[in-house]
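Right, one structure below, let's go through it.
The values are calculated or read from the model by the stated rules, or taken from the named source; none is laboratory data. These figures come from a predicted structure and were not determined experimentally. Ideal geometry is used to build each Cβ from the backbone, glycine not excepted, and the neighbour counts take in all protein chains shown. Calculation scope for accessible area: heavy atoms of the full protein, side chains included, ligands and nucleic acids excluded. Shrake-Rupley method; radii C 1.70, N 1.55, O 1.52, S 1.80 Å.
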Amino acid sequence: MTLGEIFQKALLNTALGMGTVFCMLIFISLVISCFRFIPKTGKTEAAKPAGTVAAASKPADSAGEDDIVPAIIAAILASKGISPDSVGDGPAPYIVRSIRRIG
């Protein structure tokens, strides 16, 4: 075998290997792009008892969410030992007396 034939076989092996990898990458990207057409499976509302369907369809109370943020901030400040009065300009509206883990 001459040096030219060796390089020709090496080039052919390289091209076949890179071509195979490139084709598989295209195939994988096409499969991933088709995932948006697959319906999401999960628990449907028909599988739930009748009492929970009505409760799940009610919108969440946004007033409760507004109270959670300052409480979490006060809990973080208390756990780090920072005085709530040292943060911000005004007095702190929440004071954390104790912190306990729920759940």
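Residues checked against (1) open to solvent by less than 80 Å² (accessible area, probe 1.4 Å); (2) in a helix (DSSP H, G or I):
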site: G4; (1), (2): yes, yes
site: F7; (1), (2): no, yes
site: N13; (1), (2): no, yes
site: G17; (1), (2): yes, yes
site: I28; (1), (2): no, yes
site: C34; (1), (2): yes, yes
site: T41; (1), (2): no, no
Determine, yes or no, whether V96 is modelled with pLDDT under 80, surrounded by 10 or more Cβ atoms within 10 Å (Cβ to Cβ) and part of a loop (DSSP other than H, G, I, E, B). yes
